[in-house]
1. List every residue pair whose Cβ atoms lie under 7 Å apart, where the two residues are 6 or more positions apart in sequence or sit on different chains, the first residue falls within the stretch 118-134 and is without any contact (Cβ under 8 Å) to a residue 60 or more places away in the chain and in a loop (DSSP other than H, G, I, E, B), and the second residue, located anywhere, is open to solvent by 10 Å² or more (accessible area, probe 1.4 Å) and among the aliphatic types (A, V, I, L, M).
2. Looking at 172, 164, 176, 185 in this structure, which one is more than 23 Å from residue 23 (Cα to Cα) and open to solvent by less than 20 Å² (accessible area, probe 1.4 Å)?
3. When the stretch 205-244 is examined, which residues are found to be aliphatic (A, V, I, L, M), in contact with a Ser or Thr (Cβ under 8 Å, 6 or more places away or on another chain) and assigned to a loop (DSSP other than H, G, I, E, B)?
4. I'm checking my understanding of the structure. Among residues of the stretch 32-68 that are open to solvent by less than 10 Å² (accessible area, probe 1.4 Å) and modelled with pLDDT of 85 or more, which one is farthest from residue 161 (Cα to Cα)?
5. Filter the stretch 192-204 for residues that are in a loop (DSSP other than H, G, I, E, B), open to solvent by less than 60 Å² (accessible area, probe 1.4 Å) and more than 17 Å from residue 120 (Cα to Cα) and give the result.
6. Return the only residue of 208, 145 being more than 18 Å from the chain's Cα centre (by Cα) and surrounded by 13 or more Cβ atoms within 10 Å (Cβ to Cβ).
7. Looking at the structure I just gave you, is residue 240 open to solvent by 80 Å² or more (accessible area, probe 1.4 Å) and either at pLDDT 95 or above or not acidic (Asp, Glu) (or both)?
8. Considering only the stretch 85-98, how many residues are within 16 Å of the chain's Cα centre (by Cα) and modelled with pLDDT of 90 or more?
Amino acid sequence: KWKIKLSTDYGTNVFVFSGQTSVIDENAGKLYLAGTTTSNLPRFFALDLNTGSVSWNSIWSAGSGTSETSNISFDKVENKIYAVAKNAVLEINPADGQITPFYIASASDPFSRQPKSSVSIDSVNNALLVGFDYSSVPASGSDKVSADTKTKLFSLNKITKANNWSYEIPLNLAGNLITVDNSGNLYFAAEDIGIGTGKLYSLNKNGVLRWVFDGGAPAQGVSPVIDSFGGLYQVLGFKLYKIGL
C-alpha cells in the first residue's frame, strides 16, 4: 500500500533499526518508530498509517554517542511516548515529536548505561518501569550499586517522575520490556550476555522479589506476555515456557 525509504528522504543522517518494536496509535492514525542514526543520535519518526507520510521526525542532539535506542512505549492514558537512550529517559510528545529528557543516572557517570536499557508502562501502578544497564558502573558514587549488578530497575511515578523504588539484578535486562499483571506484579526476563544463561523474574508492586525461574538459557530479546487465564509465556533458549502467575 505504501513504502518510505527513510535513508533517501532524510539525507546522510541515515535511520538505523536495531530490533526496536514499532508502536501504533490507532486513534491518531499514527505509527511511531525509534532508532539511531549512523552518527549515533537517537531518532524518532511518526508516520501516517494510511499514507506513510511523515508527520514529524525528531533527533535528540544531546544523545551523541548513543549506541542503541531502546524500544519505545506508548502511554495511551497520558498520551505520551517514552524511550531510553544513554543515561536518560525521553518523554516524546506524539503531537509534534518534542523530546523532553529526564535523568536517573548520576552526573558523575552520564554515559555508561547503554545499550540494553528499556522503559515500560505500568498502568496498574501508575508508573514507568525503567531498566538501566549498569554493567560498567563502579560500585561507588551517588547511585552506588553492588559489584555484580548488571541492571538496575526503577519504578517512577508517571506524573511527578519521583522514584517509587529500585531493584538490582546481576543479569542484563537486554532491552526486554517488563510486563505487569492485573494485581500489579511485574515480570521480566534477563540474561548473562557473556555466559548465555537466562532467568525470569517476578517482583510485587513494591519492588520486592516474588520468585525467580531459572531457564538456563538467554531470553533472546523476548518479553513475557500474559493471557487472560493467568498464564505467562516466555522464550528462554530454544524453549517456550508457560508459567503460572
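The values are calculated or read from the model by the stated rules, or taken from the named source; none is laboratory data. The shown structure was predicted, so the numbers you read here are calculated from the model rather than taken from an experiment. Positions of Cβ are backbone-derived with ideal geometry, glycine not excepted, and every protein chain shown enters the neighbour counts. SASA here: full protein model, heavy atoms, side chains in, ligands and nucleic acids out. Shrake-Rupley method; radii C 1.70, N 1.55, O 1.52, S 1.80 Å.
1. Within 7 Å, the pairs are 123/77.
2. Values: 164 fails: open to solvent by less than 20 Å² (accessible area, probe 1.4 Å); 176 fails: more than 23 Å from residue 23 (Cα to Cα); 185 fails: open to solvent by less than 20 Å² (accessible area, probe 1.4 Å).
Result of the check over 172, 164, 176, 185: 172.
3. Let us first name the residues in the stretch 205-244 that are aliphatic (A, V, I, L, M), namely 208-209, 212, 217, 219, 222, 225-226, 232, 235-236, 240, 243.
Narrowing the set further to residues that are in contact with a Ser or Thr (Cβ under 8 Å, 6 or more places away or on another chain) leaves 209, 212, 217, 225-226, 232.
The answer is 217, and nothing else.
4. In this case the residue turns out to be 52.
5. Residue satisfying the conditions is 196 alone.
6. Of the residues listed, the single one that is more than 18 Å from the chain's Cα centre (by Cα) and surrounded by 13 or more Cβ atoms within 10 Å (Cβ to Cβ) is 145.
7. On the way: open to solvent by 80 Å² or more (accessible area, probe 1.4 Å): yes; either at pLDDT 95 or above or not acidic (Asp, Glu) (or both): yes.
For residue 240, the condition - open to solvent by 80 Å² or more (accessible area, probe 1.4 Å) and either at pLDDT 95 or above or not acidic (Asp, Glu) (or both) - is met.
8. 4
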